[in-house]
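The values are calculated or read from the model by the stated rules, or taken from the named source; none is laboratory data. Treat the numbers as computed from the prediction; the structure is a model and nothing was measured. Cβ: placed from backbone, ideal geometry, glycine included. Neighbour counts: every protein chain shown. The accessibility values were calculated without ligands, DNA or RNA, using every heavy atom of the protein model including side chains. Shrake-Rupley method; radii C 1.70, N 1.55, O 1.52, S 1.80 Å.
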Amino acid sequence: MSAQATKSEGLAGIIAGQSAVCSVEQGGLYYRGYEIHDLAENATFEEVAYLLLIGDKPSGAELEKFKKQMIEARALPDHAVELVKKVAKAPAVHPMDALRTVVSYLAHFDPDCQDNSKEAELRKSIRLTAQIATIIGHMQNVIDGRDIVKPDPALGHAANLLYMMRGAKPTEEEAHIIDVSLILYAEHDFNASTFTGRVIAGTLSDMHGAVTGAIAALKGPLHGGANEAAMEMIQEVGSVDNVEPFMKNAFATKRKIMGFGHRVYKEGDHRAAILHNLGRAYADKKGKEAVKWFEIGEKVQKIMADEKKIYANVDFPCGMTYFVMGIPVPQYTPIFVASRITGWAAHIIEQHENNKLIRPLSEYTGPSGLKW
Ligand code: CMC
């Protein structure tokens, strides 16, 4: 390691490049200058996708054109549907792995696959955003033993995703909750999966490859996989009465509480309360059994805040919200992908537009001076 090098475990606190896509601050989260509460309240996922990919707020006509392009790109070729059928029920598969495989496979049939020009990358971004939702829907159909539900061009992105997963149209409230969760998940600067995508793009590799790698990075429970892990943990707690003993044991055994903590946010995640409030209101209407999961979660949050000053990140309310909506737990992180694809794509485009190979140093700790 050279004398001028800066060392930081996990690159914590290191500014590893510039970006105009998103700003993650203690005081707020901004997508291209727009604050997250504003977007969650006043925009749709399609508008946010346009904002991230194209760079500014769409006019009415621009949005209509963008939505039409997304809808036209939804269907998968028949051979890709066959692949979904094969991998969705493979013996050791998690839906994130199946999604990664199908995204990688789709590269071979994308006419723009080897073209890293901005125009081609935008076309690929739109196609991938549309197709990923379809892959998730088809996977769930296969898992449930239902015939494949084709996309419905009359539905918006979030409503269509739920429709394809369930084979039944969602209520307006359900579609809205998913839409908001997609907005909240869409972008978060140099998080692990986005950074993975940028590292891959930084070698001048292609978008499908970068997204495939990003999906693998998002899967882990320290990152996107936390929404599934959080809900599995809440189910393990099982009852409000068991929260205290569970947490006592977790602290004694230094067990990590999934869906809590963040590398950047130390006073709480700006996205968490937005989703919590929507999920909780939905659960209140559904009744006691649904509310129970939020009561457990709220007690866990209180103990974490009081005793550790560690706060829930967006994955914690996501777990409870998707659960009370009846979404199967292993699909929570794939749904995260259905949203974050827009942020990843925006970063891959940005990386390619002003590329610098990403290549940090390591501090060598092995033996030295050995003779063969
Ligand atoms: N439960 C218990 N203790 C925690 C937690 C947690 N969730 N998060 C942090 N801590 C403690 C940790 O044990 C450590 O304590 P000590 O200094 O005594 O060893 C201290 O806080 C610092 O934690 P760290 O893991 O070194 O901090 P980091 O910045 O490297 O980690 C994190 C950030 C997100 C990996 C971590 O908070 C974590 O593992 N959280 C649980 C997994 C999770 O929810 N991930 C989702 C992240 S946000 C959204 C997303 O990416 O999807």
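Ala133 meets the stated requirement of being touching a residue at least 60 places away in the same chain (Cβ under 8 Å), touching a His at 6+ places or on another chain (Cβ under 8 Å) and of a type in the set (A, V, I, L, M). Restricting attention to the range 221-255, which residues are in contact with a Phe, Trp or Tyr (Cβ under 7 Å, 6 or more places away or on another chain) and either within 13 Å of the ligand (Cβ to nearest atom) or under 16 Å from Tyr311 (Cα atoms) (or both)? Answer for the range 221-255, where residues must be in contact with a Phe, Trp or Tyr (Cβ under 7 Å, 6 or more places away or on another chain) and either within 13 Å of the ligand (Cβ to nearest atom) or under 16 Å from Tyr311 (Cα atoms) (or both): Gly224, Asn227, Glu228, Ala230, Met231, Ile234.
Against the condition on the phi > 0 side of the Ramachandran plot and either modelled with pLDDT of 95 or more or hydroxyl-bearing (Ser, Thr, Tyr) (or both), how does Arg32 come out, does it pass? So Arg32 passes the test. Those helices (runs of 4 or more DSSP H) of the range 219-298 in which 3 or more residues are open to solvent by 20 Å² or more (accessible area, probe 1.4 Å) and over 23 Å from His94 (Cα atoms) occupy 243-252, 272-286.
Hey, does the range 22-41 have a residue that's part of a helix (DSSP H, G or I), among the charged types (D, E, K, R) and open to solvent by 40 Å² or more (accessible area, probe 1.4 Å)? Yes, the range 22-41 has at least one match.
Rundown of residues vs (1) closer than 16 Å to Ile215 by Cβ; (2) surrounded by 19 or more Cβ atoms within 10 Å (Cβ to Cβ); (3) among the acidic types (Asp, Glu); (4) touching a residue at least 60 places away in the same chain (Cβ under 8 Å), yes/no style:
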site	(1), (2), (3), (4)
Leu76	no, yes, no, yes
His79	no, no, no, no
Ala88	yes, yes, no, no
Pro95	yes, yes, no, yes
Ser104	yes, no, no, yes
Phe109	no, no, no, no
Cys113	no, no, no, yes
Asn116	no, yes, no, yes
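Of the candidates Thr342, Thr321, Thr333, the single residue that is within 28 Å of Lys89 (Cβ to Cβ), away from the ligand (no atom under 14 Å from the Cβ) and either within 16 Å of the chain's Cα centre (by Cα) or assigned to a helix (DSSP H, G or I) (or both) is Thr321. Only one of (1) more than 21 Å from the chain's Cα centre (by Cα); (2) not in a loop (DSSP other than H, G, I, E, B) is not met by Gln114, so which one is it? Exception for Gln114: condition (2). If you check Ile148, Ile135, Ile178, Ile143 for being under 25 Å from Phe323 (Cα atoms), not assigned by TED's automatic domain parsing to the domain that holds Tyr282 and not in a helix (DSSP H, G or I), only one passes: Ile148.
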